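Trainee: Dumping the structure here so I can ask a few things about it.
Readers should treat all values here as calculations from the given coordinates under stated rules, not as data from a laboratory. All of these numbers come straight from a predicted model, not from anything done at the bench. So basically every Cβ, Gly included, is an ideal-geometry build from the backbone, and we count neighbours across all protein chains shown.
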Amino acid sequence: MIQPVDIAVAYDAAMTEHESGQFSAASIRHHLGLPKATLNKSLGRLRQANVIRETFINRRILAALLPLLPNLVPAVPARDSEVDGLSTGFAAPAFGGHFRSPVGQVWALEGGPDRGVPIKPLHSRVPESVASSGNPRRHALLAFLDAIRGGRAREVAHGIEGVRLLCGLPPAPGLASGTLVQAFMASVVEGLPDASTC
């Protein structure tokens, strides 16, 4: 059975392969800050599900999974508290303030630069890893996944399109994004700095 960490691993691998032509367990481990045993178990589950093979990522499966994420690995914000952390979901810097809300979503992170309602990340080490790497593209990918997992319909549509563009995925079957969503997210993704400049 697929675990939340497997979602982070699969889409990180797809983004890495899309950007550099290949992915490796070492690069995924570095990007997400995962322990080696956790990563190996995750890759095993993804191979068993035919999402990842040795050097092949099944992009059609990843595209088909995107609209299912709210049901597979929902991100339910804690409505009664605000904490310091790192912004994610619709509140992430990648969305550039496009979505308005009195309180944003954050991954709880002691001494984090943002304040908001905490949501559980795909793995407990993701917030620290993203914060220490300073890689806005990786932060955007994980924030788009969180927008899909815990956002409203409009945020989900924008998140799906953002992940699709960052990972080089085909359109999700049976899901048509509007032209405005596609254009907006294309400008967002194009505006993100390359990983080599981070």
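Trainee: Can you sort His30, His123 so the residue with the fewest Cβ neighbours within 10 Å comes first? All intermediate terms of the calculation are to be shown ahead of the outcome.
Mentor: Details: His30 14, His123 23.
Going from sparsest to densest Cβ surroundings: His30, His123.
Trainee: Which whole-angstrom value gives the distance between the alpha carbon centres of region 99-166 and region 32-75?
Mentor: 18
Trainee: Using DSSP to define loop residues, name the chymotrypsin sites (Phe, Trp or Tyr not before Pro) in region 42-128 whose beta-carbon has at most 11 other beta-carbon atoms within 10 Å. Walk me through the numbers before you get to the answer.
Mentor: On the way: sites: Phe56, Phe90, Phe95, Phe99, Trp107; in loops: Phe56, Phe99.
Here the sparse-neighbourhood loop sites are Phe56.
Trainee: Order by neighbour count: Val117, Val9, Val130, fewest other Cβ atoms within 10 Å first, most last. All intermediate terms of the calculation are to be shown ahead of the outcome.
Mentor: Values: Val117 21, Val9 29, Val130 26.
Lowest to highest Cβ neighbour count: Val117, Val130, Val9.
Trainee: Still on this structure, please answer the following. Taking amide hydrogens as modeled 1.01 Å from N in the peptide plane, which residues meet the under 5 Å criterion relative to Gly104, leaving out close sequence neighbours?
Mentor: Val117
Trainee: If a paramagnetic tag sat 7 Å from the Cα of Ala37 along the Cα-Cβ line, which residues of region 116-160 would have the backbone N under 17 Å from that point?
Mentor: It comes to 124-125, nothing else.
Trainee: Looking at the chain, I'd like the Rg to Rh ratio, where Rg is from alpha-carbon atoms and Rh is Kirkwood's inverse mean 1/r.
Mentor: Numbers: Rg = 15.5 Å, Rh = 16.6 Å.
We get a ratio of 0.93 for the chain.
Trainee: Quick one: dipole size for the chain, taken about the Cα centre, charges +1 on Lys/Arg Cβ and -1 on Asp/Glu Cβ, in debye to the nearest 20. It would help to have the intermediate numbers written out before the result.
Mentor: Working: 19 positive and 16 negative charges, 112 e Å.
The dipole of the chain has a size of about 540 debye.
Trainee: Over all directions, how big on average is the projection of the convex hull of the alpha-carbon atoms in region 4-72, in square nanometres?
Mentor: Projected area, direction-averaged: 4.4 nm².
Trainee: Also: At what distance in nm do the modelled label points of Leu68 and Arg115 sit from each other, each positioned 7 Å from its Cα along Cα→Cβ?
Mentor: Taking the simple label geometry, Leu68 and Arg115 are separated by 4.0 nm.
Trainee: How much space per residue, in cubic angstrom, does the convex hull of the C-alpha atoms of region 101-165 take up?
Mentor: Details: hull volume 5.6 nm³, N = 65.
Each residue corresponds to 86 Å³ of Cα convex hull volume.
Trainee: Check each of the trypsin sites (Lys or Arg not before Pro) in region 109-169 and keep only those in coil by DSSP with at most 15 other C-beta atoms within 10 angstrom; list them in order.
Mentor: Numbers: sites: Arg115, Arg125, Arg137, Arg138, Arg149, Arg152, Arg154, Arg164; in loops: Arg125, Arg152.
Within region 109-169, the qualifying trypsin sites (Lys or Arg not before Pro) (loop, at most 15 other Cβ atoms within 10 Å) are Arg152.
Trainee: Just want the ordering: Leu109, Leu32, Leu142, from fewest to most Cβ atoms lying within 10 Å of their own Cβ.
Mentor: On the way: Leu109 19, Leu32 24, Leu142 30.
Ordered from fewest to most neighbouring Cβ atoms within 10 Å, Leu109, Leu32, Leu142 come out as Leu109, Leu32, Leu142.
Trainee: Which one, Leu72, Val9, Pro127, projects farthest toward the positive side of the charge dipole computed for the chain from Cβ point charges (K/R +1, D/E -1)?
Mentor: Leu72
Trainee: Whose amide H sits under 5 Å from the amide H of Ala75, counting only residues 5 or more places off or on another chain, with H placed in the peptide plane?
Mentor: HN-HN under 5 Å from Ala75: Gly150.
Trainee: Only helical DSSP H runs with n ≥ 4 go in: add -39500 (n - 2.57) per run for the chain, normalise by residue count and round the 222 nm mean residue ellipticity to 500 deg cm²/dmol.
Mentor: Working: 9 runs with 100 residues, N = 198.
Computed ellipticity for the chain at 222 nm equals -15500 deg cm²/dmol.
Trainee: Next up: How about region 6-64: which GluC sites (Glu not before Pro) there are in a DSSP loop, with at most 12 other Cβ atoms within 10 Å of their Cβ?
Mentor: Values: sites: Glu17, Glu19, Glu54; in loops: Glu54.
Answer in residue order: Glu54.
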